[in-house]
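The values are calculated or read from the model by the stated rules, or taken from the named source; none is laboratory data. What you see is a predicted model; the values in this text were computed from it and never measured. Cβ placement follows ideal geometry from the backbone for every residue including glycine, while neighbour counts extend to all protein chains displayed. Ligands, DNA and RNA are stripped out before the accessible areas are found, and what is left, the full protein with its side chains, is counted by its heavy atoms. Shrake-Rupley method; radii C 1.70, N 1.55, O 1.52, S 1.80 Å.
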Amino acid sequence: MTASAGLSANALPFVSVVLPVLNGEGRLEHSLEALNRQDYPRDRFEVIVADGRSRDRTVEIASAFGCRVVDNPGISVAAGRNAGIRHARGALIAFSEDDIVLPPHWLSSAVRLLQESGAAGVGGPTPIPPGSSLWSHAVNAVFRAASARGASVQSDRAATGVVDDLPGGNSIYSAQALREVGPIDESLPTAEDVALHHDLRQRGLE
């Protein structure tokens, strides 16, 4: 079942999908092809590529796929997400990354779960690709341990119900909630999504 089941296309919320990208050539094409295959109506979502001053064909590739390209002078993922939020037109804002290939039901499932749960944000697991490095497997093992306690879905294991944390590359939020707690902390070299979810929970949001 998709989010559009039983609804007209005009009743579906407009979604802004934000991808922070730096020198994404060779990865970005696959990510954008997957977004083009979404079963969510194409006129009900936009893709915003927040480009961190790439020195390759990132901007050209994004433009060829019809994305809105915005400048990310801060370069980091956090700065890119903030840039995307500033330019987003959607009532919902989704985050992904240029090395993630999402299934066709990603948006429709995410929108449906967000509407049914009443949460400020929902997310899903991020399976590591075949042939990933030992380092990737080690990181995934740490996240699996966290998800086993129900604290996170930042791994290839899905935790259902209320969690403390969501994966930054597979999540969708109410735009209003993001703007209420924003901007995302750009001083953090990593784990900016963890800080964002902490701030959402501090406001009593799920």
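Pull up region 19-34, narrow it to residues that are closer than 25 Å to Pro73 by Cα and hydrophobic (A, V, I, L, M, F, W, C), then point me to the one that is most open to solvent (accessible area, probe 1.4 Å).
Across region 19-34, the extreme among qualifying residues is Leu22.
List pairs: first residue in region 50-66 and of a type outside the set (Lys, Arg), second residue in a loop (DSSP other than H, G, I, E, B) and surrounded by fewer than 18 Cβ atoms within 10 Å (Cβ to Cβ) anywhere in the structure, Cβ distance under 7 angstrom, at least six positions apart or on different chains.
Gly52/Ile75; Ser54/Asn23; Asp56/Asn23; Asp56/Glu25; Thr58/Asn23; Thr58/Glu25; Ile61/Glu25
Here are some conditions: (1) within 22 Å of Gln176 (Cβ to Cβ); (2) of a type in the set (Ser, Thr, Tyr); (3) modelled with pLDDT of 95 or more. Ser117 meets all but one. Which one does it not meet?
Tallying (1) within 22 Å of Gln176 (Cβ to Cβ); (2) of a type in the set (Ser, Thr, Tyr); (3) modelled with pLDDT of 95 or more, Ser117 fails exactly one: (3).
Could you please find all residues in region 68-84 being in contact (Cβ under 8 Å) with a residue 40 or more places away in the chain and open to solvent by 20 Å² or more (accessible area, probe 1.4 Å)?
Within region 68-84, Gly74, Ile75, Ser76, Val77 meet the criteria.
Name the residues in region 91-111 that are of a type outside the set (A, V, I, L, M) and surrounded by 19 or more Cβ atoms within 10 Å (Cβ to Cβ), would you?
Correct list: Phe95, Ser96, Glu97, Asp98, Trp106, Ser108, Ser109.
Do you know which residues across region 32-61 are more than 16 Å from the chain's Cα centre (by Cα) and of a type in the set (Ser, Thr, Tyr)?
Selection gives Ser54, Thr58.
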